[in-house]
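What follows is one structure encoded as structure tokens, with my remarks underneath.
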Amino acid sequence: MRVFTTLPQEDLRKVGPAAQAIEATGYTGVSTQENRHDPFLALAVAGVATRKIELHTGVAISFPRSPMVAANIGWDLAASTGGRFTLGLGSQIRAHNERRFSVPWSPPAPRMREYIQAVRAIWAAWKGDGKLSYEGKHYRFTLMTPNFVPEAYDAPAPRIGLAAVGPAMLKVAAEESDGAKLHVFCTRKYLENKVMPILSEGLSRTGRAREKFEISGGGFVVTGKDDAAVQKLFDWVRYRVAFYGSTPAYWPVFEEHGLGDLGRKLNAMTKAGQWNEIAAEVPDDVVHLFAAVGRHDQIAQAIEARFGGLVDSISASANSSKPADLPPDLLQDLARIPTVYRPQT
């Protein structure tokens, strides 16, 4: 099992020392989010401060950025870190695109398919694989003069991971990207019954080996050095389950467990402004559906039971603003959990 953690994105002065400590402890890599802060800046700082950990956006929101902008940032991060960067992309929902980023909305899966194809076409042109010529319904790239081609670097073009929840985006992930970055609002049953069949079918359709496709996330990890730390994080995750569960887009996960009424109740509460009361509606057994739970001396077994055989990498940070505190020996135990994905060496 590959294990990622987070960076202190809120203060770039803290990122370098944090990244060095993460690398020394034995984590696979770091992942950033585009919530309160830009997802690329912290990775740039972490990349020049370290030598081997992987650097992923998990994720950068696609549509507010032209594919050319994403390609340029991805190229620079990969070039300056010896190819350690993975461009993780996500569409976000309509309200955020239109009202937070002020960009037009259209059906996201077809547009995301073109977005990934366009980024790859740009990178291929920069790698010298022919003239830039990509024309789709949403994006068109046909101009690339030598003045705008970045310097070459000795590593493959970055990998692309795609955040996917519903069937349409999971299909795009399997057919176009190098890996699916699954939402934390996910259960093992939903993974087995809904997610994996779509990914498997998409990989088969495109003739790609599962060993080259990374499946990340798909649930929370709730752990700490003692029971009090675990309980504190467990209650934090309880609220996150309530928060995500109040959104209709995530209800298929609840429905898989016969919890549709809970989703509708949470939705009504948020519309009434009862944000401080929604967590109390989520019982312990529902939280356990979404998380591997246990102290540091228990969590390896819980992670294998919750994610094993399905997922290749996990985030050890349930809270994106707080890096995980897993000790080196625990990371070694987790590394022994078998996975299908085989990273490039």
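Just so you know, all these numbers are worked out from the coordinates, no wet-lab data involved. Everything numeric in this text was worked out from a predicted model, so none of it was measured. Neighbour counts are summed over all protein chains in view; Cβ atoms, including those assigned to glycine, are modelled from backbone coordinates with ideal geometry.
Rounded if a/c is under 1.5, else prolate if a/b is larger than b/c, else oblate: which is segment 180-293, with a ≥ b ≥ c the root eigenvalues of its Cα gyration tensor?
Oblate shape, in that a/c is at least 1.5 and b/c is the bigger or equal ratio.
What percent antiparallel are the DSSP beta bridges of the chain, to the nearest 5?
On the way: 2 of 31 bridges.
Bridges in the chain that DSSP calls antiparallel: roughly 5 percent.
Would you mind putting 176-188, 122-134 in packing order, based on average other-beta-carbon counts within 10 Å, highest first?
Details: 176-188: 22.2, 122-134: 15.3.
Ranking the peptides 176-188, 122-134 by packing returns 176-188, 122-134.
Packing-wise, with mean Cβ within 10 Å as the measure, how do 202-212, 285-295, 15-25 rank, highest first?
285-295, 15-25, 202-212
What trypsin sites (Lys or Arg not before Pro) in segment 53-122 are in a loop by DSSP, with at most 14 other Cβ atoms within 10 Å of the Cβ? Mind dumping the intermediate values first?
Working: sites: 65, 84, 94, 99, 100, 111, 113, 120; in loops: 65, 84.
Nothing satisfies the criteria.
Could you tell me the relative contact order of the chain? Use alpha-carbon pairs under 8 Å, at least six residues apart, and round to a whole percent. It would help to have the intermediate numbers written out before the result.
Values: 617 pairs, mean separation 63.9, N = 345.
Taking the mean separation of contacting Cα pairs over the length of the chain, I get 19 percent.
Which one of 145, 318, 74 has its Cα pushed farthest toward the positive end of the charge dipole of the chain, where Lys and Arg give +1 and Asp and Glu give -1 at the Cβ?
145
Looking only at 302, 335, 229, which one moves most when the chain is put into a Gaussian network model with springs between Cα atoms under 10 Å?
Evaluated over the chain, the most mobile residue of the options is 229.
Is the shape of segment 231-290 rounded, prolate or oblate, going by the alpha carbon gyration tensor and its root eigenvalues a ≥ b ≥ c, with a/c under 1.5 for rounded and a/b larger than b/c for prolate?
oblate
Could you tell me whether segment 14-132 comes out rounded, prolate or oblate from its Cα gyration tensor? Rule is a ≥ b ≥ c as square roots of the eigenvalues, rounded for a/c under 1.5, then prolate if a/b exceeds b/c, otherwise oblate.
oblate
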